[in-house]
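The next block holds one structure in the form of structure tokens; read it before the comments.
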Amino acid sequence: MKQFIQNLPKAELHLHIEGTLEPDLLFKIAKRNNLKIPYNTVEELAKAYNFNCLQDFLDIYYQGANVLIYEQDFYDLTYSYLKKCAEQNVRHTEIMFDPQTHTKRGISFKTVITGISNACADAEVNLGVSSLLIMSYLRHLSEEDAFKTLQESLPFKDKITAVGLDSSEAGNPPSKFMKVFEASINEGYIPLAHAGEEGDADYVWEAIDLLGIKRIDHGNNCLQDENLIADIIDRDLALTICPLSNTALKVVDDLKNHPLKKMMDLGLKVTINSDDPAYFGGHVNDNYIAIQKALNLNKEEIYQIAKNSFQYSLIDDLKKEEYL
Ligand code: HPA
Ligand code: ZN
């Protein structure tokens with residue numbers, strides 16, 4: 001089964017580039033930028049990756065991102081993730097990046113997007129991995145701040161496919177970002193959002209009805225509401241499920257109790273993704289292998305999930321055929 005998963009061509013649809021910062025690369029970049037970090041060794045840092053909830057993780061994740069300063073840092077971060085994709089036979093990836101995490105620290109939008117997009121262009125040629133970029137707004141910040149980010153992105157519009165919504169979900173409902181999503185759609189960005197990871201089914205409803213999202217990041221809590229499940233199926237929206245993230249952040253207590261199989265049996269379209277692989281203990285294949293084992297998924301089910309990853313990607317329909 002491991003070999004079957006390894007050999008399957010796959011796409012990753014839920015991935016935060018800042019969440020791919022492995023402890024060794026973090027140390028390397030901190031050193032060359034002359035930055036002090038509050039850990040002495042890679043092992044000490046890795047030990048701090050023990051979370052009780054989403055916010056615990058976010059505190060460490062934003063702290064880690066502080067070492068990223070120069071275009072080269074964003075390039076190295078992205079290229080090393082794309083190398084991992086190539087090793088795991090991930091042929092296409094849709095990468096989220098959080099511009100506000102960096103612009104808040106005085107790093108320019110241009111530095112961030114140029115480093116990331118140059119790495120993507122090089123990886124497409126050298127490694128045969130294609131990518132699209134998703135600019136994610138941080139939901140713990142104001143809508144006004146998101147508007148500022150939208151403005152900053154416009155000179156680089158050709159490099160960005162979609163907008164997303166991430167960070168602390170509870171208390172920051174999709175309705176807070178209605179206007180900036182409307183403006184983003186008017187600029188040609190495809191709307192996506194995290195919903196139903198820690199937030200209830202209401203947040204998933206809002207993301208669909210008020211933001212018009214075309215895919216649901218996580219979406220676990222849609223299972224609280226039968227009408228919502230029917231609506232998601234009706235609209236043919238896929239869920240980007242992140243099994244190891246869900247157990248690391250205690251969204252699910254044990255992989256054996258993960259609702260992925262139940263979702264498939266209900267007719268929901270699911271994909272398997274790594275979310276923040278440096279923090280949650282595994283890349284795409286590790287997520288496939290762990291959930292396959294926990295839920296005893298068969299080869300047809302695994303194949304269907306991998307197929308969904310291309311089917312529900314943002315690749316142009318005509319180009320999709322080259323992957324399927
Ligand atoms: N949820 C919300 N925000 C995030 C996540 C996540 O899983 N990863 C990085 N930012
Ligand atoms: Zn995420």
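Any idea how many residues of the stretch 146-176 are within 16 Å of ligand 1 (Cβ to nearest atom), within 21 Å of ALA65 (Cβ to Cβ) and either touching a strand residue (DSSP E or B) at 6+ places or on another chain (Cβ under 7 Å) or not in a loop (DSSP other than H, G, I, E, B) (or both)? Spell out how you get there, then give the answer.
The initial filter retains those residues of the stretch 146-176 that are within 16 Å of ligand 1 (Cβ to nearest atom), namely 146, 149, 162-174, 176.
Now restrict to residues that are within 21 Å of ALA65 (Cβ to Cβ): 146, 149, 162-169, 172.
When the remaining residues are screened for being either touching a strand residue (DSSP E or B) at 6+ places or on another chain (Cβ under 7 Å) or not in a loop (DSSP other than H, G, I, E, B) (or both), the result is 146, 149, 162-167, 169.
Counting residues in the stretch 146-176 that are within 16 Å of ligand 1 (Cβ to nearest atom), within 21 Å of ALA65 (Cβ to Cβ) and either touching a strand residue (DSSP E or B) at 6+ places or on another chain (Cβ under 7 Å) or not in a loop (DSSP other than H, G, I, E, B) (or both) gives 9.
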Pair list, Cβ < 8 Å and 6+ apart or interchain, from the stretch 56-67 residues that are over 18 Å from ALA30 (Cα atoms) to residues that are at pLDDT 95 or above and in a helix (DSSP H, G or I)
PHE57/ALA248; PHE57/TYR279
Please enumerate the residues belonging to the stretch 180-200 that are within 16 Å of ligand 2 (Cβ to nearest atom) and touching a Ser or Thr at 6+ places or on another chain (Cβ under 7 Å).
PRO191
Just for the stretch 1-35: of the residues that are among the polar types (S, T, N, Q) and free of Cβ contacts under 8 Å to residues at least 60 places away in the same chain, which one is nearest to ligand 1 (Cβ to nearest atom)?
ASN33
Looking at (1) more than 16 Å from ligand 2 (Cβ to nearest atom); (2) over 25 Å from ILE160 (Cα atoms); (3) not in a loop (DSSP other than H, G, I, E, B), which one does ASP253 not meet, given that it meets all the others?
(3)
Return the total of residues in the stretch 83-98 being in a helix (DSSP H, G or I) and surrounded by 24 or more Cβ atoms within 10 Å (Cβ to Cβ).
1
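One residue is enough: does the stretch 40-49 have a residue meeting the conditions touching a His at 6+ places or on another chain (Cβ under 8 Å) and either exposed (fewer than 15 other Cβ atoms within 10 Å of the Cβ) or among the charged types (D, E, K, R) (or both)?
Initial filter on the stretch 40-49 (touching a His at 6+ places or on another chain (Cβ under 8 Å)): none.
Checking the stretch 40-49: not a single residue is touching a His at 6+ places or on another chain (Cβ under 8 Å) and either exposed (fewer than 15 other Cβ atoms within 10 Å of the Cβ) or among the charged types (D, E, K, R) (or both).
If the requirement is being of a type outside the set (A, V, I, L, M, F, W, C) and without any contact (Cβ under 8 Å) to a residue 24 or more places away in the chain, which of these qualifies: ASP225, ASP209?
None of the others qualify; the one that does is ASP209.
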Could you please find all residues in the stretch 201-237 being within 16 Å of ligand 2 (Cβ to nearest atom) and in contact with a Ser or Thr (Cβ under 6 Å, 6 or more places away or on another chain)?
ASP217
From LYS250, LYS293, grab the single residue that is closer than 23 Å to PRO23 by Cβ and basic (Lys, Arg).
LYS250
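Residue by residue, here is whether (1) more than 16 Å from ligand 1 (Cβ to nearest atom); (2) over 17 Å from the mean Cα position of the chain (by Cα); (3) touching a residue at least 40 places away in the same chain (Cβ under 8 Å) holds:
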| site | (1), (2), (3) |
| --- | --- |
| PRO243 | no, no, yes |
| VAL251 | no, no, yes |
| LEU255 | yes, yes, yes |
| MET263 | yes, yes, yes |
| GLY267 | yes, yes, no |
| THR271 | no, no, yes |
| PRO277 | no, no, yes |
| VAL284 | no, no, yes |
| ILE289 | yes, yes, yes |
Of residues in the stretch 298-324 being more than 21 Å from the chain's Cα centre (by Cα) and outside any helix (DSSP H, G or I), the one modelled with the highest pLDDT
ASN298
Reported set for the stretch 50-62 where residues are surrounded by 15 or more Cβ atoms within 10 Å (Cβ to Cβ) and not aliphatic (A, V, I, L, M) is PHE51, GLN55, ASP56, PHE57, TYR61, TYR62
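The values are calculated or read from the model by the stated rules, or taken from the named source; none is laboratory data. Just so you know, these numbers come straight off a predicted model, no measurement behind them. Neighbour counts are summed over all protein chains in view; Cβ atoms, including those assigned to glycine, are modelled from backbone coordinates with ideal geometry.
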